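Notes follow once the structure below has been shown.
The values are calculated or read from the model by the stated rules, or taken from the named source; none is laboratory data. Source: prediction; values computed, not measured. Note: ideal-geometry Cβ built from the backbone for every residue, glycine included; neighbour counts use all protein chains shown. Side chains included, ligands, DNA and RNA excluded: accessible areas come from the protein's heavy atoms. Shrake-Rupley method; radii C 1.70, N 1.55, O 1.52, S 1.80 Å.
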Amino acid sequence: MSATVLTASALLLDMDGTLVNSDAVVERCWRRWALKHGLDPEAALKVVHGRQGYATMAVLLPDRPVEENYADNRVMLAEETADVDGVVPIGGAPAFMAAIADLPHALVTSADSALATARMGAAALPMPAVRVTAEQVGASKPDPEGFLKGAAELGFDPADCIVFEDSEAGIAAGRAAGMRVVGVGPRAAALSPDAHVEDLTQIRVEAAGDGTIRLHIDEA
């Protein structure tokens, strides 16, 4: 392993795949949806991560009216919110969240508020006071809107923020926002983030005397 140190003023955290392992639920719900619409579930699962549901549906069914995607998305969100079987924290997430509790950070997720609350609760992780959920943005990742809103709510310049993400859409959103990106987990490994870890056990958080955050990263 090699050690990397990144310095930031604030951290912007994705949820699914980054803090919470919800792959079991996501795969159950999206496999059902794909089969219902005559799609290959394996192909569908390659594009679901990181996006809001309606945006995934637009990729998979490009000729379908957007209103149908929004309607299906509402059903999908209800199913995912009710199903927390197998939702667990990503390795190291409890200690990581405890380490940043008093430091500037925000949750920036493609989940809506109810789903975010259900999954963070199921994983026994504290919900950040500042959070940007699906209801607060007009465009899904890979659009940078969510991360830019998170930085603005925390009061920091995008260049002074570090994003934690696991998906292609999320990493693209962080880059488009002008932020550095720590990639978490296997999906992020091939996407050339600024640093990559298998899970959050490889990160040590240090609050520097000048108010900045130093991340000591043992890269995979």
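Brief remarks follow.
- Matching residues in segment 131-161 - criterion: being of a type in the set (A, V, I, L, M) and either more than 26 Å from Thr56 (Cβ to Cβ) or open to solvent by 60 Å² or more (accessible area, probe 1.4 Å) (or both): Leu148, Ala152, Leu154, Ala159
- In this structure, Asp63 qualifies as among the acidic types (Asp, Glu) and either under 13 Å from Asn21 (Cα atoms) or free of Cβ contacts under 8 Å to residues at least 24 places away in the same chain (or both).
- Filter result (assigned to a strand (DSSP E or B), closer than 20 Å to Phe156 by Cα, open to solvent by 60 Å² or more (accessible area, probe 1.4 Å) and in contact (Cβ under 8 Å) with a residue 12 or more places away in the chain) within segment 170-220: Arg180, Ala207, Arg214
- Boolean, Leu107 is over 20 Å from Asn73 (Cα atoms), in contact with a Pro (Cβ under 7 Å, 6 or more places away or on another chain) and either at pLDDT 95 or above or not in a helix (DSSP H, G or I) (or both): yes
- Unique match (being closer than 30 Å to Ala208 by Cα and more than 18 Å from the chain's Cα centre (by Cα)) among Asp102, Asp85, Asp63: Asp102
- Number of the exception - Leu12 against (1) part of a strand (DSSP E or B); (2) surrounded by 21 or more Cβ atoms within 10 Å (Cβ to Cβ); (3) at pLDDT below 95: (3)
- Remark: pairs (first residue in segment 119-140, at negative phi and in a strand (DSSP E or B); second residue at pLDDT below 95 and open to solvent by 60 Å² or more (accessible area, probe 1.4 Å); Cβ separation under 8 Å; 6+ apart in sequence or on different chains) are absent.
- Applying a threshold of 7 Å to beta carbon distances and a minimum spacing of six or more residues, or different chains, the list of pairs starting in segment 146-168 at a residue that is under 20 Å from Gly17 (Cα atoms) and ending at one that is assigned to a helix (DSSP H, G or I) and aliphatic (A, V, I, L, M) reads Gly146/Ala173; Phe147/Ala173; Cys161/Ala151; Glu165/Ile171; Glu165/Ala188; Asp166/Ala188; Glu168/Leu191.
- Candidates Val130, Val197, Val184: the one that is touching a Phe, Trp or Tyr at 6+ places or on another chain (Cβ under 7 Å) and either closer than 20 Å to Ala55 by Cα or modelled with pLDDT of 95 or more (or both) is Val184.
- Whichever residue in segment 15-65 is closer than 21 Å to Glu198 by Cβ and of a type in the set (S, T, N, Q) and, among such residues, is modelled with the lowest pLDDT: Ser22
- Scanning segment 33-47 for residues that are touching a residue at least 24 places away in the same chain (Cβ under 8 Å) and open to solvent by 10 Å² or more (accessible area, probe 1.4 Å) yields Trp33, His37.
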